[in-house]
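What follows draws every value from the coordinates through simple rules; no lab data is involved. On a predicted model such as this, the values are computed, not experimentally measured, just so you know. No Cβ is skipped: glycine too gets one built from the backbone with ideal geometry, and neighbour counts run over all protein chains shown.
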Amino acid sequence: MLASCSNLQIGDNLNFDNSFTNNERFLLGSCLRGVNEQSLNFKNFTLSNLTGNVNSLGLEADRTLVLNFQIETHNNRTLIIDESISSPTNYLSSNMAAEEEKYLLDILLARSCSKITDFIS
């Protein structure tokens with residue numbers, strides 16, 4: 001399965017800089033497949049994990065994930081993506097936290113994809 005996913009062609013018109021992981025490239029490329037005919041350059045990806053309001057036991061926290069990157073088109077148009085999502089409870093020391101972060105990142109990338117689709121239409 002992993003070998004077939006790594007060989008999957010995302011598209012010649014989507015160019016990602018080194019700030020994007022393979023997972024982020026795959027998710028954005030998948031949702032933009034067949035939508036775009038113009039070249040898009042994805043740059044400066046950042047994902048910040050902001051935590052606050054830790055309870056008295058130090059086990060739970062409110063957390064916000066913030067995703068930022070920019071896209072440039074061949075005709076010098078630029079779209080800046082700035083998405084955030086909050087999670088009311090996050091168990092900081094468990095495997096659930098890592099799975100929750102993956103899930104929230106998927107949501108942020110889906111929202112971003114929707115904005116990109118509107119931008120290039």
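Some points to look at:
- Ranked by the mean number of other Cβ atoms within 10 Å of their residues, highest first, the peptides 39-48, 108-117, 70-79 fall in the order 108-117, 39-48, 70-79.
- Spin-label model distance (nm) - ASN18 vs ARG33, 7 Å beyond Cα toward Cβ: 2.8
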